[in-house]
Each structure stands twice: as C-alpha cells, then as structure tokens.
Amino acid sequence: DRKPTSILYLDGVSVSFDGFKALNSLSFVVEPGELRAIIGPNGAGKTTMMDIITGKTRPDSGEVFFNGEVDLTKKDEAEIAQLGIGRKFQKPTVFESHTVWDNLELALNRDRGVFGTLFYRLTAEDKTRIEEILETVRLTARKGDLAANLSHGQKQWLEIGMLLAQEPKLLLVDEPVAGMTDAETAETAILLKEIAKTRSVVVVEHDMGFIRDLGVKVTCLAEGSVLAEGSIDFVSADPKVIENYLGR
Ligand code: ADP
C-alpha cells in the first residue's frame, strides 16, 4: 500500500538487461530522517537499484515514489537531482587541484551556472553554510589544503560535503568506507548518523563492522529482490542471508 509520508517507496520494481533480471520485484520503503543500510552479494542489484532511484535506468515495471507522491519513473536524471536526491558514487570525484574550501564553494555555486561560479560572491550566509559543512565532514582544519593532499577517507568526506551543499532530502551513498582506515570507517558511521538527523540516507556497504557500528535497519538484497530486512543481528541470523551472502 502507498505510504504518502515515505521519503522513498519502491514496490515491485523489475528491470531486465538482455533477458537477465537485475531487479526482480524489489520492494522497500525508507522513512523521512531514516538511515538505511543496504547489503548483498555482488550482482544482487544494489547499483541497479540506485540507478533506478536516480533516473539513470528506467524500470520495466513497478512503482518508485519519492517524498510521498512524486513518481520518479516519470522524471529524468536532472529533474530527480533537482528534487533533492544526491548520489555519492564509490570513487571520490573531488577537484584535486582546488582547496577543500573551493571544492565546497564550487558545489554550492553549482546551480548558479558558469557565470554564477565566476562572478558570484559568497554571501555571509554561504560562508556560514560552508563552515557548517566543514564541521560536519571533519575538514575544518584542512579547509585551506589542496584536495589532492587529503587522505582517501577525507576525500570521501569532502565529496559527501559537496553533496550536502546541494541540500538533498535523500542522500544515496555507495560503499563509502571501501579503502578507508579503521579510524576513518568508525568516524564515517558517526558522520552519516549526524547527517541523517536532517535528511534521509541510504548507504550501500559490504563492511559488516561498519554496518554494525551504524546500528540501523538493514535491507539485504539478493538476485534483485529483498532477502531479509531488520536489525543486523536479525538479518545476519537469517539462513537465507547466510547461504546467499555471509557464507560466501
Ligand atoms: P550490485 O551492485 O549489487 O553488485 P548490480 O546492480 O551492479 O549489482 O548488477 C545486478 C546484475 O545486473 C548483475 O548481474 C549485472 O551484471 C547486471 N547488470 C547491471 N547493469 C547492467 C547493464 N547496464 N547491462 C547489462 N547487465 C547489467
């Protein structure tokens, strides 16, 4: 049944590539202010699910609604970004030859176009916003440094900060802790929980220690649909999850 208050509502979403069902009647719901973890083996359909939500791929069938009644299957990628869905891909894509601050300034000016970026002067409000984002992503002390000189983990945080500059209502994050140090991984769990206080976040991850640190509801996908959903203890005790994912 439709959930008019859900931030994300997928029901019976299927998509095939050359006859292969990448998603097979996938259904799950994310509520406003929720942080949801998505796990599952390679090929489970996690990336395809993100592609469907962001309008990169059209489902063959099924419903995808955002923020109650917005039908995402009728919107293109640019419209969906404009609606307030941000996506962080696995690899960080920051401007290495710019400072941390300038990366955030560019992200804040993104909607102002080329001339906006060249000629727009930051307001006091913009500067406060950048300072807030720097605090959130643990980069205040590095704001004058070139992005190239950040650690891999800090680059991931910077890119999350650049997405926050767009004020997304829903943030999709793909394997953020891959390649991070243990300390960065632990900090990322705290950071994402803070971010989810003011928006919804869906995070796809393989790192089970990180998923445990998050302590949120987990959706385990396999073969294009939901295998199990609930707390990490509940999901990881499910024989189907052990067989399809954890036991591999
Ligand atoms: P995951 O992200 O969970 O590893 P994917 O969503 O990337 O899974 O892939 C699900 C399945 O769909 C895989 O078997 C993959 O090979 C296939 N697939 C995904 N995208 C395409 C595509 N554009 N063309 C053909 N096959 C695809």
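Readers should treat all values here as calculations from the given coordinates under stated rules, not as data from a laboratory. All values derive from a computational prediction rather than experimental measurement. Cβ placement follows ideal geometry from the backbone for every residue including glycine, while neighbour counts extend to all protein chains displayed.
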Per-residue HN-Hα couplings for region 201-206 [Karplus 6.51, -1.76, 1.60; θ = phi - 60°; Hz; x = Gly/Pro]
9, 10, 10, 9, 8, 9
Based on other C-beta atoms within 10 Å, arrange D18, D111 from fewest to most.
D18, D111
Segments 149-157, 191-199 sorted - mean Cβ within 10 Å per residue, highest first
149-157, 191-199
Mean Cβ-within-10 Å packing, highest first, puts peptides 165-173, 74-82 in the order 165-173, 74-82
Quick check: pseudo-label points 7 Å beyond the Cα along Cα→Cβ at Y120 and K21, how many nm apart are they?
4.5
Hey, what angle do you get for helix 124-136 against the long axis of the chain, alpha-carbon based, 0 to 90 degrees rounded to 10?
50
Cα-projected label distance for S97 with S61, points at 7 Å along beta-carbon direction, nm:
5.2
For the chain, give me the percentage of DSSP beta bridges that are antiparallel, rounded to the nearest 5 percent.
55
Contour excess over end-to-end distance, with Cα ends at E135 and E243 and 0.36 nm allotted per residue
34.7 nm
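Suppose a student asked you for the relative contact order of the chain, using Cα pairs under 8 Å spaced at least 6 residues apart; what percent would you report?
On the way: 460 pairs, mean separation 66.2, N = 248.
Relative CO of the chain lands at 27 percent.
Using per-residue counts of other Cβ atoms within 10 Å, averaged over each peptide, order 96-107, 137-148 from highest down.
Working: 96-107: 18.7, 137-148: 16.3.
Highest mean packing first, the order is 96-107, 137-148.
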Counting only residues 5 or more apart in sequence or on a different chain, those whose built amide H sits under 5 Å from that of S25 are V13, S14, V15
Let me check the size of region 139-182 from its C-alpha atoms; what are the radius of gyration and Dmax in Å?
11.4, 30
Amide H neighbours of V202 at under 5 Å, excluding residues fewer than 5 places away on the same chain, with H built from the backbone geometry, are R36, L171, L172, V173
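On alpha carbon coordinates alone, what is the Rg over Rh value for the chain, Rh being the Kirkwood radius? Don't skip to the answer; put the middle values down first.
Details: Rg = 18.4 Å, Rh = 18.8 Å.
Ratio of gyration radius to Kirkwood radius for the chain: 0.98.
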